[in-house]
Amino acid sequence: MNSLLVLNAKIVNEGATTEADLFIREGRIERIGPDLSSRQADEVIDAAGLHLLPGLIDDQVHFREPGFTHKASIATEARAAVAGGVTSFMEMPNVSPPTVSMEHLREKCSIAGRESLANYAFYLGATNDNLEDVKSAAIDEIAGIKVFMGSSTGNMLVDNEEALENLFRHAPTLVASHCEDTPSILENERKARDQYGENVPFELHPDIRSREACLLSSSLAVELARRHDARLHVLHITTAEEIALFEPGPVKDKKITAEACVHHLYLDDTAYESRGPLIKCNPAIKSGADRKAVVQAVNEDRIDVIATDHAPHTWEEKQGNYFDCPSGLPLIQHSLLILLELYRAGEISLENIVRKTSHALADLYQIEERGYLREGYWADLVLVDLDKPTAVEKSGLLAKCGWSPFDGETFSATVETTVVSGQVAWNKGRLKKEARGRALRFNR
């Protein structure tokens, strides 16, 4: 790791777009300013015509290791991440064995340290009976405490009332919650099965994983957080009704925050007809009105960050009937390109994309020296060409599952270069497999 000079870039950072150069030495940004071309560097990138953004920080991914490596691994999904401009990820605990102790979490860190091209952190999972592990968690090492308040992949549902109360009372750091009311969902499944048997249409998924189930569970999480003065982050908001639970304003001023995911910002329930099982996910993609409301909430600062919930399954697994088909889809390689489509459509600004995918993540999680393009910070950045289309083809997919719900589509922009902790990890369609990410650290 030596030096890198980026020339002639349009830098999008901290609410402004400016033309400047950027010099990196030993993994960190040493200088940002005009006319740095006289500096000597081991590698020079001419970024004329390109936009330079802070690398994306994705606070919700499922990389499936250990236990489900036929679907994905930390190594393969980190490659997809850097190809998509994501320089840091926070990975979920519903693996096998589940990440419900610091011992298991540090084992995953060891794997990532050897194999991940992106920077990394991991959540400690809450269960009905691991309160002592939660209370003793090393808060400078973990992304947060993840609680499934709705059943999903991995059988980590926390549905005991006393366990939930104790979790919110004693959690030493941020609690990130998946909110769907399981009894409501089970009743909706029963009704659908009574009508259709096993051949339930995928178009009914947003009725089964219903808006009422989301609102019930999100409301409970917010109530518990307020009662115990806990730090709560509600993941993947999908309904207009839930948005009213969250206040607008800067993320630094909040104890209760919310996340939106790229597929819920981009797709609506009309997509089930053509994509069916490929877009079955929890919580479900909902109506066009919900999609627009979530986009508006992002722009109003009621929703604080944008992530992917990247959750791959094999192609064969996704071909089953409604009840056999697992929920989740691969997204991380195209998340920035999706957001740039929303920018092109006039739905979100470039500056707000940067704020919701980098700046706000660093502030919300109290990540040390990342998330902004600042002198002295780690050099995590992405160069994009807004006028060079990217065709999604199977041959170019890097997630281990080998498929995408966007196969055959063309996005209007291209991720040209991704730099992780000062190392070029992706450049002009090629991985630099010798690059290695670093463990995120949290200033709590």
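Scan P277, P283 and give me the residue that is not polar (S, T, N, Q) and not in a helix (DSSP H, G or I).
Only one candidate passes the filter, namely P283.
For segment 331-340, indicate whether the set of residues that are more than 17 Å from H236 (Cβ to Cβ), among the polar types (S, T, N, Q) and assigned to a loop (DSSP other than H, G, I, E, B) is non-empty.
Within segment 331-340 (the criterion being more than 17 Å from H236 (Cβ to Cβ), among the polar types (S, T, N, Q) and assigned to a loop (DSSP other than H, G, I, E, B)), the answer is yes, since at least one residue qualifies.
Is it true that some residue in segment 136-150 is among the basic types (K, R) and farther than 23 Å from E65 by Cβ? First the steps, then the outcome.
Restricting attention to segment 136-150, the residues satisfying the condition of being among the basic types (K, R) are 146.
Narrowing further to those that are farther than 23 Å from E65 by Cβ: none.
Taking every residue of segment 136-150 in turn, none turns out to be among the basic types (K, R) and farther than 23 Å from E65 by Cβ.
Have a look at T18, T76, T69 and point out the one that is surrounded by fewer than 24 Cβ atoms within 10 Å (Cβ to Cβ) and more than 30 Å from G328 (Cα to Cα). First the steps, then the outcome.
Details: T76 fails: more than 30 Å from G328 (Cα to Cα); T69 fails: more than 30 Å from G328 (Cα to Cα).
T18 is the lone residue from the list that is surrounded by fewer than 24 Cβ atoms within 10 Å (Cβ to Cβ) and more than 30 Å from G328 (Cα to Cα).
Are there any pairs with C-beta distances below 6 angstrom linking a residue in segment 312-336 that is touching a residue at least 40 places away in the same chain (Cβ under 8 Å) and charged (D, E, K, R) to a residue that is part of a loop (DSSP other than H, G, I, E, B) and surrounded by fewer than 24 Cβ atoms within 10 Å (Cβ to Cβ), with the two at least 6 apart or on different chains, and if so which?
As it stands, the answer is E317/P326; K318/C325, since those pairs meet every condition given.
Determine which member of the set I306, I348, I367, I353 is more than 16 Å from the chain's Cα centre (by Cα), crowded, with 17+ Cβ neighbours inside 10 Å and touching a residue at least 12 places away in the same chain (Cβ under 8 Å).
Result of the check over I306, I348, I367, I353: I348.
Would you say D194 is of a type in the set (D, E) and touching a Ser or Thr at 6+ places or on another chain (Cβ under 7 Å)?
no
Among the residues of segment 350-395, which ones are under 11 Å from I57 (Cβ atoms) and among the small types (G, A, S)?
Hits for segment 350-395 are S358, A360, A362, G371.
Check S412, S421, S395 and return the single one that is crowded, with 21+ Cβ neighbours inside 10 Å and small (G, A, S).
Details: S412 fails: crowded, with 21+ Cβ neighbours inside 10 Å; S395 fails: crowded, with 21+ Cβ neighbours inside 10 Å.
None of the others qualify; the one that does is S421.
Looking only at segment 400-444, which residues are aliphatic (A, V, I, L, M), assigned to a loop (DSSP other than H, G, I, E, B) and within 18 Å of the chain's Cα centre (by Cα)?
First pass over segment 400-444, keeping only residues aliphatic (A, V, I, L, M): 413, 415, 419-420, 424-425, 431, 435, 439-440.
Going one step further and asking which of them are assigned to a loop (DSSP other than H, G, I, E, B), we end up with 413, 435, 440.
Hit for segment 400-444 is L440, nothing else.
Applying the selection to segment 353-399, what residues are more than 21 Å from R31 (Cβ to Cβ) and assigned to a loop (DSSP other than H, G, I, E, B)?
We begin by selecting, within segment 353-399, every residue more than 21 Å from R31 (Cβ to Cβ); these are 353, 355-357, 360-361, 363-367, 384-399.
Result: Q366, L386, D387, K388, P389, V392, E393, L397, L398, A399.
Considering only residues that are under 15 Å from L52 (Cα atoms) and exposed (fewer than 15 other Cβ atoms within 10 Å of the Cβ), which ones fall in segment 21-30?
Restricting attention to segment 21-30, the residues satisfying the condition of being under 15 Å from L52 (Cα atoms) are 21-24, 29.
Answer for segment 21-30, where residues must be under 15 Å from L52 (Cα atoms) and exposed (fewer than 15 other Cβ atoms within 10 Å of the Cβ): there is none.
Every number here is computed from the coordinates shown, using simple stated rules; none is lab data. Values in this document were obtained by computation on a predicted structure and should not be read as measured data. Glycine also receives a Cβ, built like all others from the backbone with ideal geometry; neighbour counts cover every protein chain displayed.
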